[in-house]
Amino acid sequence: MPDHVRPPVTVLGLGPMGQALAAALLAAGHPTTVWNRTAARADPLVARGARLATTVDEAVRASPLTLACVIDNAAVRQIVEPAAVALKGRTLVNLTADTPRRARTMSEWAGSHGVDYLDGAIMTPAPTIGGPSALVLYSGPEDSWQTHRPTLAHLGGSADWLGPEPGRAAAYDIALLDVFWSAMSGVAHAFALAQAERISPTVLAPYARGIAELLPDLVDDMARRLDTDEHTADVSAIASAATSMAHIIEAAVEHHLDVGAVRAAHAAALRAISAGHGADDFSRMPQAYAVGASTSPGVDVVAP
């Protein structure tokens, strides 16, 4: 498609991800308007042909489609609320990471102001945007998705619509980030424990990668077992896993290391055992976490 027929797009927020989004749109030939609280961040994009708006209202009026990518949905609301009249009849795609509940709240706000709303979750780092490995998930009204799908496709890689429920993309995001940060925290804790035992991280690393390579098959197996409710242990059971976790806790405590994360996993395993599932496969563990979430006092990580 010739450059001159590309629809214009506005990008609000020019952190590393916002800059990557705007750069990808410029590279695809979209007239791109940008806005950021610190205007100087737009300089490299302006040098490439972007137009810098001095206000959010001006930025929104420049395009039928606005992408927002900032720190959280509270910041999105603070930015777009003064421009609600300008946004009316246009589409806001919120690519800001936050909780599913807040995504639904943003959708309700948009609907009350006559703004079409899609929620999005960017699942790959900023350097991938515009390239074949990028992955962005979307949820919200299908007609809005279909209207802007050709433009959003220029962000690169895969663009998957998950359905009309506005919190769906954020729910995927939270679950997948749980995988990532739990795993990375486990790696960091493992290196701390290894160093306490005078094992070089670079010496341990090949063995750690070997452990990590077991995970893809285990992820698929757990998903299958959860979908079919089949938890007969073929190799090892939750009781065995709990014993292994107890050993990790004991060794880490001896070296005065924080054991909060592994202790939480151990507590979930003990709940599963107490419920009579000690001989079952580890795939029973999600149920044990659900029980913990409903019975642990004083746990409330949802900000008002």
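Which condition from (1) in a helix (DSSP H, G or I); (2) in contact with a Leu (Cβ under 8 Å, 6 or more places away or on another chain) is the one that residue 208 breaks?
Result: residue 208 fails condition (2) only.
Please verify whether the stretch 28-38 includes one or more residues that are under 26 Å from residue 147 (Cα atoms) and surrounded by fewer than 17 Cβ atoms within 10 Å (Cβ to Cβ).
Yes - at least one qualifying residue is present in the stretch 28-38.
Which residue is farthest from the chain's Cα centre (by Cα), if the candidates are limited to the stretch 162-194 and must be assigned to a helix (DSSP H, G or I) and of a type outside the set (A, V, I, L, M, F, W, C)?
Step one: list which residues in the stretch 162-194 are assigned to a helix (DSSP H, G or I), which gives 168-194.
Okay, now just the ones that are also of a type outside the set (A, V, I, L, M, F, W, C), so 168, 172-173, 178, 182, 185-186, 189.
Values: 168: 11, 172: 7, 173: 3, 178: 8, 182: 13, 185: 16, 186: 18, 189: 22 Å.
Out of the qualifying residues, it is 189.
Which is closer than 22 Å to residue 181 by Cβ, assigned by TED's automatic domain parsing to the domain that holds residue 179 and surrounded by 12 or more Cβ atoms within 10 Å (Cβ to Cβ), of 261, 275, 246, 233?
Of 261, 275, 246, 233, the one residue that is closer than 22 Å to residue 181 by Cβ, assigned by TED's automatic domain parsing to the domain that holds residue 179 and surrounded by 12 or more Cβ atoms within 10 Å (Cβ to Cβ) is 261.
Take the stretch 124-156 and flag every residue that is under 16 Å from residue 20 (Cβ atoms), touching a residue at least 24 places away in the same chain (Cβ under 8 Å) and either in a loop (DSSP other than H, G, I, E, B) or touching a Phe, Trp or Tyr at 6+ places or on another chain (Cβ under 6 Å) (or both). Spell out how you get there, then give the answer.
If we filter the stretch 124-156 for residues that are under 16 Å from residue 20 (Cβ atoms), which is where we start, we get 124-136, 151-156.
If we keep only those that are touching a residue at least 24 places away in the same chain (Cβ under 8 Å) as well, we get 124, 126-136, 151-152, 154-156.
Once the filter is applied, which keeps residues that are under 16 Å from residue 20 (Cβ atoms), touching a residue at least 24 places away in the same chain (Cβ under 8 Å) and either in a loop (DSSP other than H, G, I, E, B) or touching a Phe, Trp or Tyr at 6+ places or on another chain (Cβ under 6 Å) (or both), the stretch 124-156 yields 124, 129, 130, 131, 132, 133, 134, 156.
Take the conditions surrounded by fewer than 17 Cβ atoms within 10 Å (Cβ to Cβ) and not β-branched (Val, Ile, Thr) and apply them to residue 112. Does it pass?
yes
With respect to residue 220, determine if the residue is modelled with pLDDT under 95 and closer than 30 Å to residue 247 by Cα.
Criteria not met by residue 220.
What do you reckon, is residue 168 basic (Lys, Arg) and buried (at least 18 other Cβ atoms within 10 Å of the Cβ)?
yes
Based on this model, can you work out whether residue 218 counts as surrounded by 13 or more Cβ atoms within 10 Å (Cβ to Cβ) and in a helix (DSSP H, G or I)? Working first, answer last.
On the way: surrounded by 13 or more Cβ atoms within 10 Å (Cβ to Cβ): no; in a helix (DSSP H, G or I): yes.
Taking the combined requirement at face value, the residue does not satisfy it.
Could you please tell me which pairs satisfy a Cβ distance under 9 Å, a separation of 6+ or placement on different chains, a first residue in the stretch 207-223 that is in the same structural domain as residue 234 (by TED's automatic domain parsing), and a second residue that is β-branched (Val, Ile, Thr) and surrounded by 11 or more Cβ atoms within 10 Å (Cβ to Cβ)?
Hits for this filter: 208/187; 212/187; 219/179.
Read through the list (1) surrounded by fewer than 21 Cβ atoms within 10 Å (Cβ to Cβ); (2) in a strand (DSSP E or B); (3) hydrophobic (A, V, I, L, M, F, W, C); (4) under 14 Å from the mean Cα position of the chain (by Cα), then give the number of the only condition that residue 159 fails.
(4)
The values are calculated or read from the model by the stated rules, or taken from the named source; none is laboratory data. This is a predicted model, so every value here is computed, not measured. With ideal geometry, Cβ positions are generated from the backbone for all residues, glycine too; neighbour counts draw on all protein chains shown.
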